[in-house]
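First up is the structure itself, then whatever we jot down about it.
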Amino acid sequence: MQLLVIGDLHLGRDQWQPEIPEAWNAFDAILLVGDVVDTGANSFSGISDFYDSIGDLNPSTISIPGNHDYQSHTETIANISGIIDGHATKVQVGNATIGGLGSTLFDEGPEVRGRLLREYSPSLSLVEQIADATASGISDDGATFDKKALQWFQDRFANLSELQLGTADRPRVLLTHVPAYGTTGAALDSHPRHSGPVSWGSLALRRYIEETPLDLHVCGHIHEQAGQDTIGETVTVNAGYRQGFSIDLSTSGVGSVDPVAIQPRSDLR
Ligand SMILES: [Zn+2]
């Protein structure tokens, strides 16, 4: 089967609107990774145009909320035919099981902030440490975690586990807005609040993918890091900003992953 994953579109940020080519009806499903709508842009007319057109063309279009549109996502897509709300649920498309978990907070960056971000280098032992930490926030080897960050990690991990993807039919796909910690799709060269590079990705998501045999994970959020990486056997794809990827998927896993350019609507050019 062939999937089209579309990255953050941020409709309403400017007058830009995407062309939706007829050829997209040939995809078995279209996955929207969140931030279709820019913060506060709910009145932009291009939003319903976009969802109506893409849902009409491909009724297996699955959408989850990002950190920009989580407050309005359910309402925005409620009465639009062909658009499936993929948040906190799983959807069967052909052979594939597609689980989704979008953003429910303004910014679902890493579950660990501050101290660890300032001294960043992507350390996978960090994932191990936070997963093993006790309720008081201390890991087996003595690393300490902020209790709020730990709670966030545990809640998010639980939300992912509730999708029960580990026992679903294969191929198994996970759709989130944020990338996983330590992947190339999560890397920021710099951040206004921190000096040097940071991994703006989820530790809980990383842990979940390490433990759950998935075939494909798709995400967005870090606009400048479109591309693919792997976590164990799982291929992870950050779809980027106003662009997409065509992904070939079968019961034996992910085949080719090819960039798809998204053009501005020709009548608006
Ligand atoms: Zn975004």
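The values are calculated or read from the model by the stated rules, or taken from the named source; none is laboratory data. Everything numeric in this text was worked out from a predicted model, so none of it was measured. Here Cβ is always computed from backbone atoms with ideal geometry, including for glycine, and neighbour counts include all displayed protein chains.
Whether any residue in region 5-14 is under 18 Å from VAL218 (Cα atoms), away from the ligand (no atom under 16 Å from the Cβ), among the aliphatic types (A, V, I, L, M) and surrounded by 20 or more Cβ atoms within 10 Å (Cβ to Cβ) is what I want to check.
No: zero hits.
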Conditions: (1) within 26 Å of ILE247 (Cβ to Cβ); (2) modelled with pLDDT of 90 or more. ALA41 meets all but one. Number of the miss? (1)
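Looking at region 149-174, which of the residues that are out of contact with any His (no Cβ under 7 Å at 6 or more places or on another chain) and part of a strand (DSSP E or B) is surrounded by the fewest Cβ atoms within 10 Å (Cβ to Cβ)?
It comes out as ARG172.
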What's the total number of residues in region 229-243 that are among the small types (Gly, Ala, Ser) and more than 17 Å from SER202 (Cβ to Cβ)? 1
Scan ALA226, ALA204 and give me the residue that is out of contact with any His (no Cβ under 7 Å at 6 or more places or on another chain), within 16 Å of the ligand (Cβ to nearest atom) and small (Gly, Ala, Ser). ALA226
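For region 217-269, give me each residue that is on the phi > 0 side of the Ramachandran plot and not in a loop (DSSP other than H, G, I, E, B).
GLY227, GLY253
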Can you tell me which residue among SER195, SER161 is at pLDDT below 90, among the polar types (S, T, N, Q) and over 15 Å from the mean Cα position of the chain (by Cα)? SER195
So which residues in region 32-73 are hydrophobic (A, V, I, L, M, F, W, C), more than 15 Å from the ligand (Cβ to nearest atom) and closer than 26 Å to THR97 by Cα, if there are any at all? PHE50, ILE54, LEU57, ILE62
Quick one: would you say ALA239 is touching a Cys at 6+ places or on another chain (Cβ under 8 Å), buried (at least 18 other Cβ atoms within 10 Å of the Cβ), over 20 Å from GLU211 (Cα atoms) and at pLDDT 95 or above? yes
